[in-house]
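Have a look at the structure below before the remarks.
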Amino acid sequence: MFLNFSNHPSDRWNKAQRQAAERYGEIRDVPFPDVPSLAKTEEITILANQYSERIIRQHPDCVMCQGEFTLTMAVVRRLQKAGILCVC
């Protein structure tokens, strides 16, 4: 399964993008959350833990993670530590 963790719904992707993602199986979308511009490290950590756990429970083969940079980095680190391939 290919998990799209972004604010770019897969039903709006072009044919080539969908075909590339479908090599990993079904495409599932998980909307990337809004991150307050003044979010502190603790808030980012909480969000990263919540979303990483949610994603890991779905057992994706590949995750596209795109969004606010600090949360993206924190989530990608956790997913990679769990052995999940991450792409952008």
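The values are calculated or read from the model by the stated rules, or taken from the named source; none is laboratory data. Here the structure is a predicted model, which is why all the values come from computation and not from measurement. Backbone-built Cβ (ideal geometry, glycine too); neighbour counts: all protein chains shown. In case anyone asks, the SASA skips ligands and DNA or RNA and just uses the protein heavy atoms, side chains included. Shrake-Rupley method; radii C 1.70, N 1.55, O 1.52, S 1.80 Å.
Rounded to the nearest 10 degrees, the angle from helix 69-81 to the longest Cα principal axis of the chain is 70 degrees.
Once the Cβ-Cβ distance of Q19 and E53 is raised to the sixth power relative to R0 = 30 Å, the FRET efficiency obtained is 0.50. In the context of the full set of protein chains, residues of the chain present 65 Å² of accessible surface per residue (probe radius 1.4 Å, heavy atoms only). At an R0 of 35 angstrom, the distance between the Cβ atoms of T70 and M1 translates into a FRET efficiency of 0.85.
The residues neighbouring S52, those whose beta-carbon lies less than 11 Å from its own, together hold a net charge of +4 under the Lys/Arg +1, Asp/Glu -1 convention. Both radii come from the Cα set of the stretch 1-42: Rg as radius of gyration, Rh as Kirkwood radius; their ratio Rg/Rh reads 1.15.
Using a probe radius of 1.4 angstrom, the carbon and sulfur fraction of the accessible surface of the chain is 52%.
Note that the chain, at 20 °C in a medium of 1.002 mPa s, gets a Stokes-Einstein diffusion coefficient of 163 µm²/s from its Kirkwood radius over C-alpha pairs. Helix 41-57 axis versus longest C-alpha principal axis of the chain: approximately 30°, rounded to the nearest ten.
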